[in-house]
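Some notes on the structure that comes next.
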Amino acid sequence: MKIRKKREADRRHRQNKKIAVQETENKLAMTITENESLKRAVEELRQEIFHLTRRQRELTEQKIAVQETENKLAMTIIENESLKRAVEELRQEIIHRTSQRELTEQKFETIYTKLEKLRNRMRLRSG
């Protein structure tokens, strides 16, 4: 009877061991499956980080380009204002010089008219 109990205990022990091994194998298989899933998730996240980093770099480059364009625009606006002032100054100069020329022409006409009158008087006296 002791042998029988011993055999029965050994059999149960082996059976429990088989069950424990089977459970361990199942847990291992689940862990391997989970690890593979996690590896895929990690790779997907790495790819996402890569794309986000690239996109961030592109956005930074675009931001820099926009800033450069804004700076150029500001400089162009300043230059345009300066040119407008210069054009206005030139207009005023043209108006002033035109006015001076007209006065000079009037003086010339007056002098020429006086000269013609003097010539006519001289002809009348000598003739």
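The values are calculated or read from the model by the stated rules, or taken from the named source; none is laboratory data. These numbers come from a predicted model, not from an experiment. As a convention, Cβ positions derive from the backbone with ideal geometry for all residues, glycine included, and neighbour counts pool all protein chains shown.
Can you spot a residue in the stretch 107-116 that is under 44 Å from the mean Cα position of the chain (by Cα) and at pLDDT 95 or above? Within the stretch 107-116 (the criterion being under 44 Å from the mean Cα position of the chain (by Cα) and at pLDDT 95 or above), the answer is no, since none of the residues qualifies. Taken across the stretch 38-46, residues that are among the acidic types (Asp, Glu), part of a helix (DSSP H, G or I), at pLDDT below 95 and surrounded by 10 or more Cβ atoms within 10 Å (Cβ to Cβ) do not occur at all. With respect to being under 48 Å from the mean Cα position of the chain (by Cα), modelled with pLDDT of 95 or more and either outside any helix (DSSP H, G or I) or not hydroxyl-bearing (Ser, Thr, Tyr) (or both), GLN92 fits the description.
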